[in-house]
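**Student:** Dropping the structure in here first, questions after.
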Amino acid sequence: MPKALCKAQPGNFGPPCFICAGLVSALLSAPGWAATPLDDAGKLSAYGDFRARVESDWDSRNSDGSMRDDRTRLRVRFRAGLTYKANDNISFGARLRTGSDDNQQSAHITLVDFDGNPTGDADVNFDKWYVEYRAGDFSTWLGRNSVPMWKPDELVFDDDITPAGLGLRYKLSNFTFNAGYFTNPAGMRKFSGNSALAQVTFDAISGGTQWVFAAAAINIDADRGNSANRLYLDGNGERDYTLWVGNVQASLSAFNRPLKLNLDLFHNSHGYSASDPDPFTAFHRDETDGYVLSARLGDTKKAGRWLFGYFYAYIEQFAVNNSLTQDDWVRWGNATQVRASNFKGSEFRAAVGLGNNMDLVARLYLVKAIKLRTASATALEDGKRFRIDFNWKF
């Protein structure tokens, strides 16, 4: 393995190199399907995914009116995990991911910047380590894992956000209850602030359409003064959030293809003051709402199958905590953190299945800021981004 990918140390939530090499070797020698058994009893299994991405950003304006330099990059992501099923109820899991130690939002590393910019860090860390208990329709985990919440997209929590704490899930007929209490990642080796989450979903089939309705409450309690807050942008480590999230999803058929329609609604009811000691908070105090509309036609489950999608997002500054949400739509931020709120715009998506758990996805983002970034700013930020991803799940 490249030397840069072996920097993590066990005392810092990172693996020694021989663990990295062992997991990579096991996964690359496994057939192309998820959760490949590694022993005759089927107790130990491996899984993972690889992504190669070409990404181009252009026509992007800063808040002072100047233009960001155009850039095109080749990036990759690798994640590899193991699960061990101790018995019918208890299992253990761990996963490694690439990325930067200082980036909780993305596992990608830049191999080549075609415009001569720095490529950034190439680190490896454990992003999951947990014990899970399952019994019937109840499950709970303790450790570090994915956010315990049903979500149709990444506009509240990025899929790469893996907090440390407790998650719960219980299904009762058509209802599913999700809950969690956890500390939020700041980079991959530090944490700051605590979140309490509760969500209920209801699913039903009516007239050939499958419906999912979801409602969630998320309280983010900032850990003010935590040294890890230096990683966050927009003062997110020093600010509380009380988020309310509603989702409606309809799954049906059109043109003999699966069609998914989604509506997401966001509101932050915490309440910020015009006299807040943080000028940024005071300036954006009333920007606490957001919504997303999306439609996806088709799927990529088999070779030759295709998907087209369209998303429209309108996310005000404090509708979400932009240190924990997605990092796809905008370039705004720095080398390791993205501040993806205070924007409106579109995503156009096209994808084709390649077979054997592989697909090719193209996405175009066209975005513009809703409001000036600060009181002294002179222009609305904007930007255009195009990506082509090759995805392979092991």
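Every number here is computed from the coordinates shown, using simple stated rules; none is lab data. Please read all numbers here as calculations on a predicted model, not as lab measurements. With ideal geometry, Cβ positions are generated from the backbone for all residues, glycine too; neighbour counts draw on all protein chains shown.
**Student:** For the stretch 171-314, what is the charge dipole size about the Cα centre, in debye to the nearest 20, if Lys and Arg each add +1 at the Cβ and Asp and Glu each add -1 at the Cβ?
**Tutor:** For the stretch 171-314, the charge dipole is close to 920 debye.
**Student:** Distance between the C-alpha centers of the stretch 167-212 and the stretch 228-284? Whole Å please.
**Tutor:** Between the Cα centre of the stretch 167-212 and that of the stretch 228-284, the gap is 15 Å.
**Student:** Separate question: Which FRET efficiency value, to the nearest 0.05, is calculated for Asn256 and Ala282 with the Förster distance at 56 angstrom and r the Cβ-Cβ distance?
**Tutor:** That pair, Asn256 with Ala282, gives E of 0.55.
**Student:** Please state the charge dipole magnitude for the chain, taken about the Cα centre, from unit charges on C-beta atoms (+1 on K and R, -1 on D and E), reported in debye and rounded to the nearest 20.
**Tutor:** With Lys and Arg at +1 and Asp and Glu at -1, about 960 debye.
**Student:** For the residues Trp141, Trp211, what sequence is obtained by ranking on other C-beta atoms within 10 Å, fewest first?
**Tutor:** Trp211, Trp141
**Student:** Once the dipole of the stretch 313-393 is set up with Lys and Arg at +1 and Asp and Glu at -1 on Cβ about the Cα centre, which of Ala362, Ala379, Phe390 lies farthest towards its positive end?
**Tutor:** Ala379
**Student:** Right, another one. Run lengths n ≥ 4 of DSSP H only: what is the helix-derived mean residue ellipticity at 222 nm for the chain, with -39500 (n - 2.57) per run over all residues, to the nearest 500?
**Tutor:** Roughly -1000 deg cm²/dmol at 222 nm, from the helical runs in the chain.
**Student:** Lysines near Lys371 by alpha-carbon distance under 18 Å, same-chain residues fewer than 8 away left out - which ones?
**Tutor:** List returned: Lys344, Lys384.
**Student:** Between Asp69 and Trp392, how high is the FRET efficiency from 1/(1 + (r/R0)^6) when r is the Cβ-Cβ distance and R₀ = 35 Å? Nearest 0.05.
**Tutor:** E between Asp69 and Trp392, to the nearest 0.05, is 0.65.
**Student:** Comparing Ala214, Ala41, Ala222, which has the greatest mean-square fluctuation in the GNM of the chain with Cα pairs linked when under 10 Å apart?
**Tutor:** Taking springs between Cα atoms under 10 Å, the residue moving most is Ala41.
**Student:** Looking at the stretch 245-394 from every direction and averaging, what is the projected area of its Cα convex hull in nm²?
**Tutor:** Here the figure is 10.6 nm², rounded to one decimal.
**Student:** Where is the GNM fluctuation largest for the chain (alpha-carbon springs, 10 angstrom cutoff): Asn321, Asn87, Asn229?
**Tutor:** The residue that fluctuates most here is Asn87.
**Student:** Quick check: residue separation of Ala86 and Met358 times 0.36 nm, minus the Cα distance between them. What number comes out in nm?
**Tutor:** Value of the extension gain: 94.8 nm.
**Student:** Further question: With point charges of +1 on the Cβ of Lys and Arg and -1 on the Cβ of Asp and Glu, referenced to the Cα centre of the stretch 62-121, which listed residue (Leu74, Ala107, Asn89) lies farthest in the positive direction of the dipole?
**Tutor:** Asn89
**Student:** Here is a further query. Based on other C-beta atoms within 10 Å, arrange Leu96, Leu259 from fewest to most.
**Tutor:** Neighbour counts put them in this order, fewest first: Leu259, Leu96.
**Student:** Counting other Cβ atoms within 10 Å of each Cβ, which trypsin sites (Lys or Arg not before Pro) in the stretch 186-242 have at most 13 and sit in a DSSP loop?
**Tutor:** Within the stretch 186-242, the qualifying trypsin sites (Lys or Arg not before Pro) (loop, at most 13 other Cβ atoms within 10 Å) are Arg224.
**Student:** Could you check which residue among Thr72, Thr183, Thr162 shows the biggest mean-square fluctuation in a GNM of the chain with a 10 Å Cα cutoff?
**Tutor:** Among Thr72, Thr183, Thr162, the largest GNM mean-square fluctuation belongs to Thr72.
**Student:** Quick one: order Met358, Met67, Met149, Met188 by neighbouring beta-carbon count within 10 Å, fewest to most.
**Tutor:** Least crowded to most crowded, the residues run Met67, Met358, Met149, Met188.
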